[in-house]
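Data first, discussion second: the structure below is written as structure tokens.
What follows draws every value from the coordinates through simple rules; no lab data is involved. Source: prediction; values computed, not measured. Here the Cβ is made from the backbone with ideal geometry for all residues, glycine too, and neighbour counts use every protein chain on show.
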Amino acid sequence: MSRYDKVDSAYKFLKGKEVSQDSFSLDELAKATGWETGTCKTYVSKRWFQYVHKDQKDFKVSGVAYLSKKEFRAIHSQKLTQLEDQSEPPLVHYTLSSRLFKNFSCYPAES
């Protein structure tokens, strides 16, 4: 048994739910992976929070389908290794930051 068997099961489950656009419960995730429901709750809130979102009483997935299995394993890993973000840059954050701080000397003047 590989140390990644349950992680890979979670990846397959989450990717499938995203593709089908179905919501799921923590109990369904636990059944699909072999983890306890409490373990799934921890991973949803601490490891996969960028990809799994509460949808009323259940959860929805977005973004996992764009990750490779290797990238998902790295996100899940205890080491939390740095991954290159493939998504669009946070334009709202950048726009607000540049407006708020453009008058400070650490930012170059706009031409």
query = Can you sort 17, 12 by how many other beta carbons sit within 10 Å, fewest first?
reply = 12, 17
remark   = A correct fewest-to-most ranking of 53, 76 by other Cβ atoms within 10 Å would be 53, 76
message = Which residues does the label zone of residue 23 cover in segment 44-61, counting backbone N under 12 Å from a point 7 Å along Cα→Cβ?
response = 53-61
inquiry  = As a footprinting exposure proxy, order 4, 51 by other Cβ within 10 Å, with the fewest listed first.
reply    = 4, 51
inquiry  = Starting from the 7 Å offset along Cα-to-Cβ, what nm value, one decimal, do you get for the label separation of residue 60 and residue 31?
reply    = 2.3
ask   = Which whole-number percent gives the relative contact order of segment 5-83, counting Cα pairs below 8 Å spaced six or more residues apart?
value = 35
